[in-house]
Amino acid sequence: MKMIVVFEKAPRLRHIGHLDLMRAMQRALRRSGLPLRYSQGFNPHILLTFAAPLSVGMPGKREVMEVPIEGEMTGEAFLTKLSAALPPDLPVLSAVPVDDRHPAPMALLTAAVYQAELETVPENFGEMVEKYLAQKEIPAVRKTKTGMKPCDLRPMIYGLTLKGNTLTMVLALCESATCKPDLLLSSLFEFAGTERPRALITRTQLLGEKDGALVPLESL
Amino acid sequence: MNEQENARLEKLLETVQKPARYIGGEMNSVRKDWDSVRCTFGFCFADTYEIGMSHLGMKILYYLINQRPDALCERLFMPDADMADKMREENIPLFSLESRKALNHFDIVGFTLQYEMSYTNILEMLDLGRIPIFGKDRGETDPIVVAGGPCAFNPENLAYFIDAFMIGDGEDVMHELIDVIRDGREAGLSRKDILRNLAKLEGVYVPSLYDVEYNEDGTLKSFAPNDPAAPKTVKKRVVKDLSSAVYPEAIPVPYTEIVHDRMVLEIMRGCTRGCRFCQAGMLYRPVRERSMERLLELADKLQQSTGYEEMSLSSLSSGDFTCLPQLIQALMDRYKEKRVSVSLPSMRIDNIVKQSLEETQQVKKSGLTLAPEAGTQRLRDVINKGVTEEDLIRSVTDAFECGWSSVKLYFMMGLPTETDEDLQGIGHLAKKVVDAYYSIPKEKRSKNGVRVTASASVFVPKPFTPFQWAAQDTLETVHEKQAKLRQYLKLKNVHFNWHESELSLLEACISRGDRRICDVIYAAWKRGCRLDSWMEHFKYDQWLGAFADCGLDVAFYAYRERPYDELLPWQFVDAGVTMAYLQKENEKAKQVKTTPDCRHGCNGCGLHTWGVCDWVKNPPLKGKAQTAAPLAD
């Protein structure tokens, strides 16, 4: 069976890169004494998949990973053992056992919620956000593996709301279409015609699709 | 740090290289409540996080201090250049990783001295940490700045900056040192009185309690205590029984990659081989082994607490560990299921170890590094490196048969009595290693093809070695020899690496330096020198300028052979090995005479009178044939 695990990457660890975080999690799994599964080959490593890599500099409130294990066990038992092996800034929040045939979280991923804490908010920025969203098309240029490519951001934005200094963004995150929060902020402030303030962006939730609605990825 | 400083730091971390080095919070790092302890210790490593976090001594002492309910220990590392500059710009003090406390808030600030070319970093860290650089300028509320580690055996080159040195095994003296400072602070004693009390501890040297005079030719005239609390000689501390000594059962596991990212099992301390260039081999005497029982207990605890996937055995000469094959076997058996690999960084490859090699390979194959040190038998005899060419060729042949294809060979150039023939010998040896590979049938050897890397470092004479009186080759000579070696090593499948000779020259000046070297280090730092062991930051011209500023000459410190009757700056330190023994060894070197490993019988180095060497009465190899010396570093 395998466990669908939700964990937090606390702000203190935001400078840790994806591969370093993977290694930290693998070491935690080793410490936990859980019945893990290993890859084949000369240098076997623990089988473990993150639903979506988290950029350097970004904390994550509810990140999702899949951990295949040997035999059967309850989510609670798994959670207790793994919790004991993790440092305070990397807590696990839930674990749900699923069958090996259950699709990988990565395959179910559709979008993510990001919260940007803006250091300063320009005047009438709320209105700007609404106007920005009202556009039919939002042309932008995004960096891809093969170079800079023009794209339309509008269909990749599921939501954009401002509350105080917090800008909440729901953006596409899947194999076919991904809008990085950084790109959106740049585009938005360019539209608003003001300089982009410093912002700490946190990914607060990964989302999947169920009956045409976006739901927490771990609930699928 | 206060809130504003914290906020500025958070912002700053977004703009520096590898910010993960400055965040702390690693598994097994210890964060205690500052109000709950009576004494705080800021443990400083004078190099960057990835170097410092690889260091075993720091892990031992971090664990030892944090075991005390009345004390806490937090870590501080040298920030990289970009970080250091930005911290100055933003007025952020050097801070500990655990609680982000500024360095000057600790009761005790401790540096571990691992290599001389990190000394400008000590000044940089003190300055960033808002502590006056010179001991004499520190006030009653400033921390007591202490230092230990192998380089503390000649403490004079840092005498102006460090309030007290711990000489010898740190875990033996640390508790006493903390007690004295804690009690002194609580009793409201003056800084001077606390230092006096420290000087009364065995193994502690307080430089401000000693006066130094020089002769007109610049040599040392006299060295004497100026205070009744200070002893004439300072005797190094020795952990008598390693098995009952404190060893960490948990070590911080970094998030970001460091140089040696694995758990380390120190299987023994000291070395009986007696290589004449080797400072560690003399300083860490006598040899003390940890028991198998204790090692396996520690291995299990470390494995469980860290989750590391790799374990390495550490000592000066692991191949000499009495139960090495049994230990390796036991570790392999334990960790096969858990996919933990065991690597042997320093090993002697003989028939016993060949078997272990094959076992190592079962789990993971690590690179093969051998250190013949010199190119001819004559010179190897001079330095007492008891390795023959036959040993070396047999070892690499064994390794090639086990599937190895790349071999690193370490040599030194500029050793006493070295001639062109010795340099040519390095070329011959490298060629023979390549030939050894081709002597193995194609189907048995690796398909990757052979690659031999020969590295030649420049010999640096070190205190407390038989060569402590020797002259170092001049830069000119070194450059000529390097050019020749490049010719001799222009061989197929052989790659030649050489070291920055300017760095070795400065290392030689500092390592045998007297107190006046403190002024040079200060002047160099003032001229912008720091992170000197990082080639991109090393400023040789500024160092030369610093010598000139102080009216001192590198030739006096590096190129000059000392007569036996010269008073040496480190002579007041009793390292166990006597000056008479070192002199005798130096004379034997000149006569190309070797000295056997003392496990065959006591050679009378001096430690036999201390009652700490188990093997004086019962040498374990008495009457047995001599084995090849360790080939690896």
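Within the stretch B:29-41, the set of residues being surrounded by 15 or more Cβ atoms within 10 Å (Cβ to Cβ), among the charged types (D, E, K, R) and away from every other protein chain (no Cβ under 11 Å) comprises B:Lys32, B:Arg38.
Of all residues in the stretch B:285-306, those that are free of Cβ contacts under 8 Å to residues at least 60 places away in the same chain and assigned to a loop (DSSP other than H, G, I, E, B) total 2. The single condition among (1) surrounded by 18 or more Cβ atoms within 10 Å (Cβ to Cβ); (2) part of a helix (DSSP H, G or I) that B:Ile162 does not meet is (2).
The residue that is nearest to the other protein chains (Cβ to nearest Cβ), among those in the stretch B:305-319 that are of a type in the set (Gly, Ala, Ser) and out of contact with any strand residue (DSSP E or B) (no Cβ under 6 Å at 6 or more places or on another chain), is B:Gly307. Taking helices (runs of 4 or more DSSP H) as the structural unit, those lying wholly within the stretch A:1-108 and holding at least 3 residues that are within 14 Å of another protein chain (Cβ to nearest Cβ) correspond to A:18-32, A:75-84.
Just give me the residues in the stretch B:213-253 being out of contact with any strand residue (DSSP E or B) (no Cβ under 9 Å at 6 or more places or on another chain) and within 14 Å of chain A (Cβ to nearest Cβ), in sequence order.
Residue satisfying the conditions is B:Glu249 alone.
In the stretch B:289-307 there is no residue matching the filter, namely being within 27 Å of B:Lys408 (Cα to Cα) and either of a type in the set (Val, Ile, Thr) or at pLDDT 85 or above (or both). The number of residues in the stretch A:142-175 being among the charged types (D, E, K, R) and either in a loop (DSSP other than H, G, I, E, B) or buried (at least 18 other Cβ atoms within 10 Å of the Cβ) (or both) comes to 2.
Which helices (runs of 4 or more DSSP H) sit wholly inside the stretch B:439-557 and have at least 3 residues that are outside the structural domain of B:Ala371 (by TED's automatic domain parsing)? The qualifying helices (runs of 4 or more DSSP H) are B:501-511, B:516-526, B:540-549.
Taking the stretch B:1-13 as the range and being touching a strand residue (DSSP E or B) at 6+ places or on another chain (Cβ under 9 Å) and at the interface with chain A (Cβ under 9 Å from one of its Cβ atoms) as the test, only B:Glu10 passes. As for the stretch B:20-28, it holds at least one residue that is of a type in the set (Gly, Ala, Ser), touching a His at 6+ places or on another chain (Cβ under 9 Å) and within 14 Å of chain A (Cβ to nearest Cβ). On the stretch given as the stretch A:190-212, residues that are without any contact (Cβ under 8 Å) to a residue 24 or more places away in the chain and either at positive phi or not acidic (Asp, Glu) (or both) total 5. Checking A:Pro216, A:Pro181 one by one, the residue that is at pLDDT 95 or above and surrounded by 19 or more Cβ atoms within 10 Å (Cβ to Cβ) is A:Pro181 and no other. Looking at the stretch B:206-213, is at least one residue under 23 Å from the mean Cα position of the chain (by Cα) and in the same structural domain as B:Met125 (by TED's automatic domain parsing)? Yes, the stretch B:206-213 has at least one match. The residues of the stretch B:385-429 that are at pLDDT 95 or above and on the phi > 0 side of the Ramachandran plot, listed by number, are B:Gly414, B:Thr417.
The C-beta contact set for the stretch B:366-389 (first residue in the same structural domain as B:Lys432 (by TED's automatic domain parsing), second residue of a type in the set (Ser, Thr, Tyr) and at pLDDT 90 or above, distance under 6 angstrom, 6+ apart or interchain) comprises B:Ala371/B:Tyr410; B:Asp381/B:Thr594; B:Val382/B:Thr417; B:Asn384/B:Thr594; B:Asn384/B:Thr595. Look at (1) within 14 Å of another protein chain (Cβ to nearest Cβ); (2) farther than 29 Å from B:Ile194 by Cβ and you find that B:Leu97 fails only one, number (2). Checked against the criterion of being surrounded by fewer than 21 Cβ atoms within 10 Å (Cβ to Cβ), small (Gly, Ala, Ser) and not assigned by TED's automatic domain parsing to the domain that holds A:Val215, the candidates A:Gly60, A:Gly33 yield just one match: A:Gly33.
Looking at B:Cys271, B:Cys275, just one residue is surrounded by 22 or more Cβ atoms within 10 Å (Cβ to Cβ) and in contact with a strand residue (DSSP E or B) (Cβ under 9 Å, 6 or more places away or on another chain), and that residue is B:Cys275.
Remark: pairs (first residue in the stretch B:515-526, closer than 18 Å to B:Asp541 by Cβ; second residue surrounded by fewer than 24 Cβ atoms within 10 Å (Cβ to Cβ) and of a type in the set (S, T, N, Q); Cβ separation under 7 Å; 6+ apart in sequence or on different chains) = B:Ala524/B:Gln542.
The values are calculated or read from the model by the stated rules, or taken from the named source; none is laboratory data. In this text the structure is predicted, and so the values were computed from the model without any measurement. All Cβ positions, glycine included, derive from the backbone under ideal geometry; neighbour counts span all protein chains shown.
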